[in-house]
Amino acid sequence: MNWKGSFGIDIGLEAKHVASVLGVNGMPLQAKTVKFSSDPDELEALVSRYAPDIETRKDITVSMEPTGNAWVLLSAFFRVKGFRVFLVKTQKSYDLRRFIKRHTKTDSLDAKALAKLPFIFPEDMNEYVPPSKESSALERLVKSRETIVSKTSGYKNRVYSHFQLLNPFVLQEFGTNRFTQLAKAFYSRYANPLKAVEIGRKRFCAYLAKHGYGSPSPELLDSLYNACEKAARLHKINTDENGQRHYDLEIQAELVQNDLDIIAFFEKKVKKLEEEIGVFYKKVDPQMVLKNMKGFGGEIVAPGVIALSGPFPRFSKINNYLGLIGLVPKTSQSSTSNKEGMKITKAGKKLLKKYYCIAAETARQWDVEVAACYHRHINNGLHHNQAICAVANMLARRVYAVMKRRDEALARNDTKALGKIGYELRDLKGNPITSQQAREIILRDYPSKKVQKERAIMKKEKAA
């Protein structure tokens, strides 16, 4: 497209923004870049000086990187004024800046690179289409929840690290369930194994049986007490003739309690965020189109995918959407060779990729077509994670097809077409089936490796 002008804006979070202004064919209208702030008067003055004609603004681009949250106000202002706003990936502007001046990095050069991009790569520029207010709120809630969940995992790892000193034998008793109600009760009261030994086995088991969720098995409680006894003996051996150790068990147990308090606080915040996410998801997807697809149920995956994807009609083709997720393989082709089966790129939104992989893990257990795809890749020698990425790619294509039709129907206010949009489970011959029938087919034709081994053992036993 022949743009009539271009603004390249290097956003300053604390300093002033820097803009490079180009005219027709990318020729600079001013040799020096322009500095301005987000003050309304300065923004109005910038527009009045370089783009006074309102009619031509639709052919003038404004390119910027999504820096912090500062870009939101600037993009909203320029869109209201009639400009075409483009959000540019940092990698793309970085590569162009390095091409212009390899060993120079300045705000002015960044702004110039951003301004030139629409003239150099017009076909690769995706115009920014702002989501609805509800979608924007949903995206921020999803990201906030993920941040807190990640921090919670960090504190759980700290607790694990503390017990490597306090009681290294007890962790293996809990196995992978290290933060059940029973485990938390144990950590809070008996992080110091000497206290468990002091009160005796009977009182120890009675306390955990009372505060643990459900009815813990007596064998597990005995194993926990035995682990405390073993750790206590080790700590006594580590005590010198003066009754001193070079580490303090009481302080270490106090640190465990502090981390448990933080984990409990975070978990309450996550629960509250999940409730808010559910409310906003119903506003964004009232027909529950995405949530009804296998793999996208639950409270987080469907809201996360729909929030992080944004409006689907803005993607002109499926490859653009897959590029947003990062589920496309690298390409290496020349006149004499074309490498296939390369690794997927590390570009795209990592959180969106994560949600698609979670969806793939569930969908392969309930959708016959997905199970067949996963089974085929495994039989071809792919690792589980590679096969899951392939299934995630398949699911992304489905989501794109369904959600794009839904968004277009909503834009036309076509209630009839909206009622027909959805995904139906089918077998490999295309016949509609129920969830239970799909599950039975998968268990029969596409069993897991564990089930395959069990069947092989049973077959050998019968033959014997």
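Nothing in this text is a laboratory measurement; each read-out follows from the coordinates by a stated rule. Bear in mind that the values here come from a model prediction, so they are computed numbers and not experimental data. No Cβ is skipped: glycine too gets one built from the backbone with ideal geometry, and neighbour counts run over all protein chains shown.
Computed quantities for the displayed model
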item: Gain upon complete extension [Gln164, His103; 0.36 nm per residue less C-alpha separation]; result: 17.1 nm
item: C-alpha long axis of helix 384-412 to longest principal axis of the chain, angle in °; result: 50
item: Angle in degrees between helix 107-120 and the longest Cα principal axis of the chain, rounded to the nearest 10; result: 70
item: Given Lys89/Lys271; Lys291/Lys353; Lys101/Lys346, the pairs whose alpha carbons are separated by over 24 Å; result: Lys89/Lys271; Lys101/Lys346
item: Cα-Cα over 30 Å, subset of Lys151/Lys230; Lys156/Lys283; Lys156/Lys195; Lys268/Lys349; Lys92/Lys272; Lys350/Lys429; result: Lys151/Lys230; Lys156/Lys283; Lys92/Lys272; Lys350/Lys429
item: Gain upon complete extension [Ile262, Val72; 0.36 nm per residue less C-alpha separation]; result: 65.2 nm
item: Nearest 10 degrees, 0 to 90: helix 40-50 Cα axis against the chain principal axis; result: 40
item: Percent of beta bridges antiparallel (DSSP, the chain, rounded to nearest 5); result: 60
item: Over the chain, relative contact order from alpha-carbon pairs under 8 Å, at least 6 apart, %; result: 11
item: Ala206 versus Glu276: modelled label distance in nm, points set 7 Å from Cα along the beta carbon direction; result: 4.5
item: Under 18 Å from Lys32, Cα to Cα: aspartates and glutamates that are on another chain or at least 8 residues apart; result: Asp10, Glu42, Asp107, Asp110
item: Rounded Å value of the spacing that divides the Cα centres of the range 61-92 and the range 282-330; result: 23
item: Inter-site label distance for Lys354 and Asn431 at 7 Å from Cα along Cβ, in nm; result: 4.2
item: Correct choice for Cα extents along the principal axes in Å that was computed from the model, options (1) 85, 68, 52; (2) 86, 57, 48; (3) 91, 56, 56; result: (1)
